[in-house]
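The values are calculated or read from the model by the stated rules, or taken from the named source; none is laboratory data. All of these numbers come straight from a predicted model, not from anything done at the bench. Because the Cβ atoms are built from the backbone with ideal geometry, glycine has one as well, and the counts that use them run over all protein chains shown. Remember, those area values only see protein heavy atoms, side chains included, never the ligands or the DNA or RNA. Shrake-Rupley method; radii C 1.70, N 1.55, O 1.52, S 1.80 Å.
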Amino acid sequence: MRPSTTVFAHGGDLPVHLWDLRSQLVSGGAQAPPDAMGLVSALEELGHVCASAASGRFLRGKDPASLVDDLGRSLASVGSRTVSAAAPEFADFRSEMNRVSPRLRSAEGARAVGLASDSLAASLCRSEVAVAAWRDLVAAFDDQDVSPGTCETLMRHLRELTELRGHLWEPQGLASRLQSVLGDDLAHASAAATTPVEERLARCEELIAAQPPLADCAVWFVFANADLTSSHRQIGPLLFVARDFVPDGFAPGRALQDVGPLPELAHWEDAESSLTQLPGEHVVLARVWLPGTYADQAPRKARIVLESLLEIANPASSWNLYEGYLVWSGGDHFWGSSFLDVAQWERESPPVGPDFEGTDRALTDFTGEFVQRLADEDAAALEAVEDARWTIALGRAADASQRVALGTRALERTLGIARANDESWVEVTERFLKAPWVRLTLANEMFDAALAATNGLPGRHTRNAAAYREIHDLVFSQSEPGRRSVSHSGLATVQASYGHLSEPDSFAGRIVRETCATLTDPHAALLALAALEARFDRLLARTQRQRNALIHGTRPARAVLETIDGFVRTLNAYMAQESLRTAETGQSPLQQLERWRVQALAQRQRLEEGEDPVEVLFPDS
């Protein structure tokens, strides 16, 4: 580790160990040894493991031993004063450590471990525990025999314990206030007599012991290069408003009267100066309403909700979030941090209209209930968002080997609940994801065929311009601006009606011909489905082979990896979608995937009986 380079203008009256402590406070133990874990973090991981085990997803191999080792080391690194303050729960939990690993092998045992972990976590919320952690930290900095790494580890424990109680460590949080008290900043600013060091330390303990206030908080953010199709968009506790509509649009008889009343608007003049100076014409304000939350943590919590929702709604969104925020937590004023100048985010090209850019419309896919559960930190909602963001991050990984090696994570985790002891993740993946993958791939092939029917028409801009428009209107339907879907019933007739205008041996002509056969002949449709199912089987077998090769150190063939790259991402996207659906509806996991599997069996039976392929495969077309 390296010491902080922070330079203070005063505070030379502090003993050396408190000067060092003051300098290191802001980092919050970031320079602790990389293998050191904060106790709160260790218990959080254990809680996740217990929850997964209770659902049938157990640690395998050496993972239980590694987890117990990390947990034991974390418990051992806690200072003696903290251990005493957390008694008797701390001693009871530590005495049970040798039973944790075997208990994690069963759902019942995992529940017992989870209950003990919850009891210890509850004891750590007591104010006397946080104060004891501060005293352990001060003593460690004062003891020259204690290594800097140990001091940083104790700093990490203190930060996590105070954050568990609702404090914000940084920025402009508890760490800054502790620095100010240790440096006697108020006395120096007013030229008053220097406060004795003992009184400063006592004041620090009062700050740590204080319970952060709970309040109903409205947190406001700003997006540049953003636009809405209407004056506002409300999704549960989340409200997006075009800047020009705030605050006048909330008045009686105005566009936003159905949204209000918003309590903070009575004091809007306190926030208006920060918002009127924003650059750019395309600005959208976002409000996150967090009732009964710790005020200090409201900005961080609200930003997580906002960023998570925007990322999974439209990963390619052009909306850019300002760094700052404004918070109203009761009273007659706002507080927060200034918005950074993001004029550089205004792109050189004109912004894409909201109908085509997609972010505003994508937000309508979420229910207010789901967003509320996300804001309330509901476990199922948070897990669903993690799955979705994992899939997005997976797609952004630069190398195919990384995407393939990591891509099975969501499959193994989410599908693990339906996995028997003698089944592999591959078998469960085949059972639940073959049908939706075939369904999606077939739909994509239909869309490609519709494009081929129009764009493959010779002379479509000259001699066949009228026919091009007729074909386009036949094979595509446009229900809303910026979005078009395939009319499968129309596509089924395009060969018979306009085939004489195309070149039958061309690439486009062959695609259209084969597609029309699939949509008109039940036997051809069965052959098309069988071909897609066989493709799924080969890709899945190849994915398993390449995944094992990558994990176990065999050098992969890059060209082979590229053949399964998109396949793996698609399967991950389905699992993320399933997690979100489960979190939104509260239904049992995998219900929709099982429904699609059964539906595929029924479709095959109907095709075998000679029914119309369009009605069987695309009933909503």
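So here's what we get for this one:
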{"read-out": "Conditions (1) within 28 Å of D376 (Cβ to Cβ); (2) open to solvent by 40 Å² or more (accessible area, probe 1.4 Å); (3) in contact (Cβ under 8 Å) with a residue 60 or more places away in the chain: number failed by T194", "value": "(1)"}
{"read-out": "Per-region count, region 42-74, residues closer than 17 Å to M97 by Cβ and among the hydroxyl-bearing types (S, T, Y)", "value": "2"}
{"read-out": "Condition check for E160: in contact (Cβ under 8 Å) with a residue 60 or more places away in the chain and open to solvent by less than 20 Å² (accessible area, probe 1.4 Å)", "value": "yes"}
{"read-out": "Lone unmet requirement of (1) loosely packed, with under 15 Cβ neighbours inside 10 Å; (2) among the charged types (D, E, K, R); (3) closer than 22 Å to G336 by Cβ for D185", "value": "(1)"}
{"read-out": "Qualifying residue in region 309-316 (condition: among the polar types (S, T, N, Q), surrounded by 19 or more Cβ atoms within 10 Å (Cβ to Cβ), touching a helix residue (DSSP H, G or I) at 6+ places or on another chain (Cβ under 6 Å) and modelled with pLDDT under 90)", "value": "no"}
{"read-out": "Total residues in region 71-85, condition in contact (Cβ under 8 Å) with a residue 24 or more places away in the chain and either open to solvent by 10 Å² or more (accessible area, probe 1.4 Å) or over 33 Å from the mean Cα position of the chain (by Cα) (or both)", "value": "10"}
{"read-out": "Cβ-Cβ under 9 Å pairs, at least 6 apart or on other chains, region 34-49 side touching a residue at least 24 places away in the same chain (Cβ under 8 Å) and closer than 19 Å to L158 by Cβ, far side acidic (D, E) and open to solvent by less than 40 Å² (accessible area, probe 1.4 Å)", "value": "A36/E152; G38/E160; L39/E160; V40/E160; S41/E160"}
{"read-out": "Search result, residues across region 437-468 that are more than 20 Å from L571 (Cβ to Cβ), open to solvent by less than 60 Å² (accessible area, probe 1.4 Å) and among the hydroxyl-bearing types (S, T, Y)", "value": "T454, Y468"}
{"read-out": "Any chance R177 is over 24 Å from E89 (Cα atoms) and open to solvent by 60 Å² or more (accessible area, probe 1.4 Å)", "value": "yes"}
{"read-out": "Any hit, region 250-265, residues being open to solvent by 30 Å² or more (accessible area, probe 1.4 Å), at pLDDT below 85, at negative phi and among the β-branched types (V, I, T)", "value": "no"}
{"read-out": "Checking C50 against (1) open to solvent by 20 Å² or more (accessible area, probe 1.4 Å); (2) assigned to a helix (DSSP H, G or I), the condition it does not meet", "value": "(1)"}
{"read-out": "Filter result for G509 (open to solvent by less than 70 Å² (accessible area, probe 1.4 Å), farther than 30 Å from Y574 by Cα, outside any helix (DSSP H, G or I) and out of contact with any Lys or Arg (no Cβ under 8 Å at 6 or more places or on another chain))", "value": "no"}
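Conditions (1) among the acidic types (D, E); (2) assigned to a helix (DSSP H, G or I); (3) more than 13 Å from W437 (Cα to Cα), marked per residue:
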position: A541; (1), (2), (3): no, yes, yes
position: G566; (1), (2), (3): no, yes, no
position: E578; (1), (2), (3): yes, yes, yes
position: T582; (1), (2), (3): no, yes, yes
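Residues are listed down the side, and each one gets a yes or a no for (1) closer than 22 Å to S55 by Cβ; (2) open to solvent by 50 Å² or more (accessible area, probe 1.4 Å); (3) more than 18 Å from the chain's Cα centre (by Cα):
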position	(1), (2), (3)
R569	no, yes, no
E578	yes, no, no
Q587	yes, yes, yes
Q599	no, yes, yes
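A quick yes/no check of all residues on (1) of a type in the set (V, I, T); (2) in contact with a strand residue (DSSP E or B) (Cβ under 8 Å, 6 or more places away or on another chain); (3) closer than 18 Å to P299 by Cα; (4) open to solvent by 20 Å² or more (accessible area, probe 1.4 Å):
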{"position": "I208", "(1), (2), (3), (4)": "yes, no, no, no"}
{"position": "W220", "(1), (2), (3), (4)": "no, yes, yes, no"}
{"position": "H232", "(1), (2), (3), (4)": "no, yes, no, yes"}
{"position": "G236", "(1), (2), (3), (4)": "no, no, yes, yes"}
{"position": "L239", "(1), (2), (3), (4)": "no, yes, yes, no"}
{"position": "P247", "(1), (2), (3), (4)": "no, no, no, yes"}
